[in-house]
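See below for the structure under consideration.
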């Protein structure tokens with residue numbers, strides 16, 4: 001089997017690629033232990049990873065993956081990358097500096113759709129988001145809704161849309177404000193119970209779908225993390241791991257959040273869309289309450305486990321600043 005991974009150097013795509021490579025290396029180890037008979041039972045899989053830079057892919061190439069370098073906005077490049085592949089993991093990478101964020105997203109989405117049609121790939125695992133069932137009021141998620149519709153209109157291809165909740169890794173963007181102001185700040189209401197998920201759990205779900213290919217037609221899989229929690233609870237969890245047990249969460253007004261994000265280097269249009277997304281969450285337009293938690297959409301990693309990872313990143317950042 002041959003799998004193709006878009007965004008292989010990103011937060012989710014890199015973990016999907018690593019997950020598949022780890023599985024392959026485990027199979028190869030078992031094969032060496034069991035001998036030739038095992039080779040006939042478990043064929044070797046291969047992974048094709050995509051990025052704009054070979055430097056970013058070198059560690060995957062060193063592990064035996066095929067490295068393809070090019071621009072995701074170029075359908076010819078993606079067609080070449082998808083050709084001969086049994087299943088592909090697709091996503092729309094973020095360009096937070098894009099002057100027209102939705103236009104950028106849709107340009108990449110159209111390139112992906114064209115490449116799927118041209119390459120003849122039959123299985124697609126598409127990274128979407130909770131709230132992508134809505135055509136508007138959800139900020140940058142609107143373009144993921146558009147992409148779902150775009151892929152659903154392609155005939156003779158099986159597509160599963162993964163709709164994960166808010167990434168726990170988004171909390172890493174608070175490291176600077178924790179060190180400078182002693183708070184975690186965002187425009188989401190402090191008391192809003194919402195689903196949060198670790199990206200490694202999203203990657204595992206994606207890898208499972210690629211390997212098992214037990215979906216047909218056009219389907220959706222929600223991924224809601226281990227449990228719903230408030231931003232106050234998330235701040236308390238990470239605060240306890242970084243030696244700041246009194247760490248608090250500060251709810252920013254939409255205007256304050258917009259100004260902070262612009263100051264951080266995001267484009268004004270991207271900031272506008274993120275404000276709209278926060279407002280949609282706060283108003284209950286979308287979220288885990290609209291989906292409903294079940295055993296299949298509940299994943300393993302807790303906020304406490306993620307907080308250990310956060311603490312390592314926090315200490316590393318602080319020590320680099322002090323150096």
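Some observations on this one:
- Amide N of the range 65-86 lying under 16 Å from the label point, which is placed 7 angstrom from the Cα of residue 118 along Cα→Cβ: 69-85
- Added length on full extension, which subtracts the Cα-Cα distance from 0.36 nm per residue, residue 213 to residue 59: 52.8 nm
- Between residue 312 and residue 97, the modelled labels are 2.9 nm apart [label points 7 Å from Cα along Cα→Cβ].
- Using alpha-carbon coordinates, inclination of helix 303-322 to the longest axis of the chain, degrees: 70 degrees
- Contour minus Cα-Cα distance for residue 107 and residue 246 (0.36 nm per residue): 45.6 nm
- Helical mean residue ellipticity (222 nm; -39500 (n - 2.57) per DSSP H run of 4+; nearest 500) of the chain: -15000 deg cm²/dmol
- Between helix 268-282 and the chain there is an angle of about 80 degrees, using the helix long axis and the longest principal axis of the Cα atoms.
- C-alpha long axis of helix 231-241 to longest principal axis of the chain, angle in °: 80 degrees
Laboratory data are not the source of any read-out in this text; all were calculated from the coordinates shown. Just so it is clear, the structure is predicted and the values come from calculations on it, not from any experiment. So basically every Cβ, Gly included, is an ideal-geometry build from the backbone, and we count neighbours across all protein chains shown.
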